Amino acid sequence: MRGIPWGSILASPLPPPSVLLLILTVLVLAVLVGRPLWVARQRRRLRAQPLPPFWLRILQRRVPLVARLPAPLQATLHARMRVFLADKAFIGCRGLEVTEEMRVTVAALACLPILGRDDSDYDRVRQILLYPDAFVVRLRHQDRAGVVSDGEEARAGESWHEGQVVLSWADTLDSAAVPDDGYNVVIHEFAHQLDDAHGLSVDLEAPPSGHDWAAVLGEAYHRLVDAADRDAATLLDPYGATDPCEFFAVASEAFFEQAAQLAEGEPALYAQLQRFYRLDPARWAAA
Ligand SMILES: [Zn+2]
């Protein structure tokens with residue numbers, strides 16, 4: 001057995017700085033290139049795994065909208081859910097113990113908006129905070145005269161720029177149970193995440209011109225604002241008149257839950273959403 005010649009190794013001079021820089025560059029490149037490849041491989045594996053029968057029963061019982069999807073899209077939804085559930089942390093708040101039923105229900109609704117897109121659309125989403133029911137947030141408001149007032153407001157959901165979504169489990173259940181009323185807090189909050197990732201509502205305040213995304217959504221947004229000011233009845237929830245971000249989130253809820261009405265009442269808006277989501281929910285089975 002030969003001993004390791006530590007003396008000669010320790011005595012040898014360090015490689016020149018250019019060689020160290022080269023080694024460092026190669027290591028950084030290996031991480032930059034290797035990590036996406038590793039993630040892609042992991043996701044391919046996850047997508048190939050069928051959902052456990054227990055999860056399928058939860059979908060049947062809790063998320064009736066899934067039954068309306070054509071079979072190939074149901075398979076895609078299952079694959080998206082696998083990746084979503086492996087990637088995202090769920091945190092129970094106010095004493096809520098997060099169950100498999102909660103995770104599966106939230107994942108199914110959250111993955112509807114990326115059904116025709118890609119898992120990577122939610123790469124920035126890190127965690128989902130679940131409250132048992134509506135949660136109260138403290139608000140500080142400053143009016144034009146500079147008077148500051150504090151208040152509280154109950155929320156069913158929130159979407160944060162730092163990749164965090166907050167949901168009320170009670171409102172999630174209600175949203176899932178009625179798939180055709182245009183109200184779905186999970187689709188709404190995850191539409192905000194897509195908006196953050198792609199800057200979808202950035203230009204909607206500008207006066208509309210042309211027929212592209214910003215023009216069509218901007219025009220529909222301004223019409224909703226006018227109708228809300230007049231208290232006129234609208235297909236889209238008047239909450240969408242709050243600002244362009246809320247408009248996109250509300251329009252997304254209608255796109256998935258009231259697709260036929262939206263395609264008929266707002267064909268240009270429907271066509272733009274259809275292009276973005278790469279889906280045609282108006283052709284899915286009726287509720
Ligand atoms: Zn919102």
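The values are calculated or read from the model by the stated rules, or taken from the named source; none is laboratory data. Just so it is clear, the structure is predicted and the values come from calculations on it, not from any experiment. Cβ: placed from backbone, ideal geometry, glycine included. Neighbour counts: every protein chain shown. Just the protein is used for accessible areas: all its heavy atoms, side chains included, with ligands, DNA and RNA removed. Shrake-Rupley method; radii C 1.70, N 1.55, O 1.52, S 1.80 Å.
Remarks
- Flag if Phe248 is within 16 Å of the ligand (Cβ to nearest atom) and open to solvent by less than 70 Å² (accessible area, probe 1.4 Å): yes
- Single residue of region 10-19 satisfying the filter (part of a helix (DSSP H, G or I) and open to solvent by 90 Å² or more (accessible area, probe 1.4 Å)) that is nearest to Ala177 (Cα to Cα): Pro17
- Set Ala282, Ala233, Ala170: member being open to solvent by 10 Å² or more (accessible area, probe 1.4 Å) and either part of a loop (DSSP other than H, G, I, E, B) or modelled with pLDDT under 95 (or both): Ala233
- Search result, residues across region 187-200 that are among the hydrophobic types (A, V, I, L, M, F, W, C) and either part of a loop (DSSP other than H, G, I, E, B) or open to solvent by less than 10 Å² (accessible area, probe 1.4 Å) (or both): Ile187, Phe190, Ala191, Leu194, Leu200
- Scanning region 174-186 for residues that are among the β-branched types (Val, Ile, Thr) and surrounded by fewer than 22 Cβ atoms within 10 Å (Cβ to Cβ) returns a single hit, Val178.
- For region 153-167, residues that are in contact (Cβ under 8 Å) with a residue 12 or more places away in the chain, within 13 Å of the ligand (Cβ to nearest atom) and surrounded by 15 or more Cβ atoms within 10 Å (Cβ to Cβ) total 8.
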